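Have a look at the structure below before the remarks.
The values are calculated or read from the model by the stated rules, or taken from the named source; none is laboratory data. Predicted, not measured: the structure shown is a model, and the values here were computed from it. Here Cβ is always computed from backbone atoms with ideal geometry, including for glycine, and neighbour counts include all displayed protein chains. Remember, those area values only see protein heavy atoms, side chains included, never the ligands or the DNA or RNA. Shrake-Rupley method; radii C 1.70, N 1.55, O 1.52, S 1.80 Å.
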Amino acid sequence: MKLYNFLSRKKENFRPRRAKSVGFYTCGPTVYDFAHIGNFRAYIFEDILRRTLEYVGYRVKQVMNITDIDDKIIRRARAHRMPTVDFVKPYEEAFFNDLKKLNIKPAWKYPRATKHISEMITLISKLLKKGLAYEEGGSIYFDISKFERYGRLSRLKPKELKSGLRIDVDEYTKQNVRDFVLWKGKKPGEPSWKANFGKGPTLNAVEGRPGWHIECSAMSMKYLGKSFDIHGGGVDLIFPHHENEIAQSEGATGKPFVRFFVEGEHLLVDGKKMSKSLHNMFTLKDIERRGFDPLVFRYLVLNAHYRSRLNFTWKALEGAKNSLRRIRERMVILGRRAQKKTHKSFRKELMRRMEDDLDTPGALRVFWKHFDALSRDDIIWASQIFGLNLERWRVRAIPAGIKKLVKKREEFRGKKEWQKADKIRAQIKKLGWQVEDTAKGPVLKSA
Ligand SMILES: [Zn+2]
């Protein structure tokens with residue numbers, strides 16, 4: 001299998017360190033708000049990578065962190081006059097719900113930052129001991145001039161490195177390449193932890209909280225070891241986040257941290273970057289509110305290669321909806337025939353695309369090229385790689401009572417009595433069925 005490695009900026013043959021098992025770390029959400037569709041694009045591509053690796057025959061140990069303490073969380077929780085622990089809870093719950101709706105496989109572990117403070121302290125202590133970190137004004141910083149390979153991932157030029165100057169915020173751009181903060185000294189009104197870094201009189205006890213970057217180093221290495229196979233994320237995380245993760249981890253252990261950095265591209269909305277001021281930071285809720293099944297969004301994501309920008313428009317989503325509907329209708333038709341057949345050359349061709357750096361648009365082209373010749377089994381097989389959950393789109397014998405209700409609903413719809421029609425739809429749902437209106441009339445799905 002070939003994967004584009006951001007460390008070498010090349011497609012490379014991927015083989016895990018251990019013969020059968022892949023260690024896979026993915027930067028998770030900072031739970032200060034609802035995740036937007038740009039975030040989910042990244043989580044979908046990582047899920048596709050995982051499914052492909054699993055299909056090829058590897059066991060994937062995926063770890064995704066939950067950042068439940070950082071600058072943004074503290075700021076927002078304070079604005080709401082809430083303890084950070086209570087503030088993050090609903091966002092965390094919503095995040096897991098959304099993952100389920102998008103049919104993203106659960107990670108092996110979802111470590112929370114606040115539950116791994118002692119691991120972070122140990123890591124920072126090691127960096128202090130090795131002279132790669134120093135204390136200044138009650139905070140601890142990473143000295144980038146002491147780590148020779150700093151800038152390797154993000155391809156910084158040596159003259160861009162300004163060592164000796166410090167930066168305290170978790171997020172910054174390449175214009176601010178500085179010594180970054182590992183541990184932030186206690187500030188009034190902020191959550192803090194007592195820490196013993198065990199070095200010198202000023203450092204015996206420094207109360208404070210971790211910086212964002214150290215969270216990922218500590219949690220990835222705790223569960224996956226000092227060196228692991230793949231680190232996933234997005235191009236916006238390359239600098240400073242992933243660059244700093246490498247510096248902290250390799251600085252402390254002296255071993256190569258990650259073999260493959262795999263980074264997804266941005267999602268644009270109507271050709272523009274998502275931003276608060278443009279009101280285009282859509283969530284999955286927004287998509288559902290407009291009547292789309294979240295899996296339609298997943299289908300749309302598959303249409304672009306993960307390393308190209310994806311332009312999200314409602315029209316494109318409508319197109320994805322129609323494609324997915326066509327597949328679902330076909331499943332219903334094929335289900336009635338219930339034939340078992342394997343289209344070998346189709347499967348081989350599709351996997352060839354997937355194993356070439358997850359060429360999902362290419363794989364979809366293969367899928368549609370063979371569409372009319374595919375059996376129900378073939379479609380389910382492809383669905384498991386794409387994660388479209390079509391295996392659940394099966395045909396049960398429809399009870400006469402349900403058929404009657406559907407007929408009644410159609411009559412109301414014919415008379416444009418929408419409320420009555422909706423009421424029947426709800427009644428049908430309660431009985432375990434879902435009605436999907438298609439061009440060829442209503443289609444039933446077991447809910
Ligand atoms: Zn991270």
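A Cβ-based charge dipole, computed about the Cα centre of the chain with Lys and Arg at +1 and Asp and Glu at -1, lands at about 1980 debye. Legend: helices of the chain (whole DSSP H runs) are marked when their alpha-carbon atoms reach 24 angstrom or more along the helix axis and their mean Kyte-Doolittle hydropathy is at least -1.0; marked are 37-56, 84-101, 314-337. Ranking MET354, MET221, PRO29 by Cα position along the charge dipole of the chain, where only Lys, Arg, Asp and Glu carry charges on their C-beta atoms, puts MET354 farthest toward the positive end.
Once the mean of 1/r is taken over each pair of separate Cα atoms and inverted, the range 207-285 shows a Kirkwood hydrodynamic radius of 14.5 Å. Only helical runs count toward this figure. For the chain, summing -39,500 (n - 2.57) over DSSP H runs of n ≥ 4 and dividing by all residues gives -13000 deg cm²/dmol at 222 nm.
Charges on Cβ only, +1 for Lys and Arg, -1 for Asp and Glu, centred on the Cα centroid of the range 396-447; of GLN434, TRP418, ILE402, which one is farthest towards the dipole's positive end? Of the candidates, ILE402 comes out farthest on the positive side. Dividing the mean sequence gap of close Cα pairs (under 8 Å, 6+ apart) by how many residues the chain holds gives a relative contact order of 16 percent. A Stokes-Einstein calculation at 20 °C with viscosity 1.002 mPa s, built on the Kirkwood radius of the chain over Cα pairs, returns a diffusion coefficient of 89 µm²/s.
The 3J(HN,Hα) values that the Karplus relation (6.51, -1.76, 1.60; θ = phi - 60°) gives for the range 153-162 are, in residue order, 6, 8, 6, 6, 8, x, 6, 7, 7, 10 Hz. Gly and Pro appear as x. Carbon-plus-sulfur accessible fraction, the range 118-181 (probe radius 1.4 Å, protein heavy atoms only): 49%. For the range 272-348, the share of accessible area belonging to carbon and sulfur comes to 50 percent (1.4 Å probe, ligands and nucleic acids excluded). Here the mean projected area of the convex hull built on the C-alpha positions of the range 276-394 is 8.0 nm². If you average the alpha carbon positions of the range 336-384 and of the range 53-123, how far apart do those two centres end up, in angstrom? What the calculation gives is 34 Å, centre to centre. The range 175-333 has equivalent-ellipsoid semi-axes of 42, 20, 15 Å, by the square roots of 5 times the alpha carbon gyration tensor eigenvalues, sorted largest first.
Computed about the Cα centre, the dipole magnitude for the range 128-210 is approximately 340 debye when only Lys and Arg (+1) and Asp and Glu (-1) carry charge, each at its Cβ.
For the range 1-61, the Kirkwood estimate of hydrodynamic radius, built from reciprocal distances between every pair of different alpha carbons, is 13.2 Å. Across the alpha-carbon set of the range 128-210, the Rg to Rh ratio works out to 1.00, Rh being the Kirkwood radius. Using the Cβ-Cβ distance between LYS348 and LYS130 with R0 set to 35 Å, the FRET efficiency works out to roughly 0.10.
Measuring nothing but how far apart in sequence close Cα pairs (under 8 Å, 6+ apart) lie, relative to its length, the range 80-232 scores a relative contact order of 22 percent.
Based on protein heavy atoms only, the chain ends up with 48 Å² per residue of surface accessible to a 1.4 Å probe.
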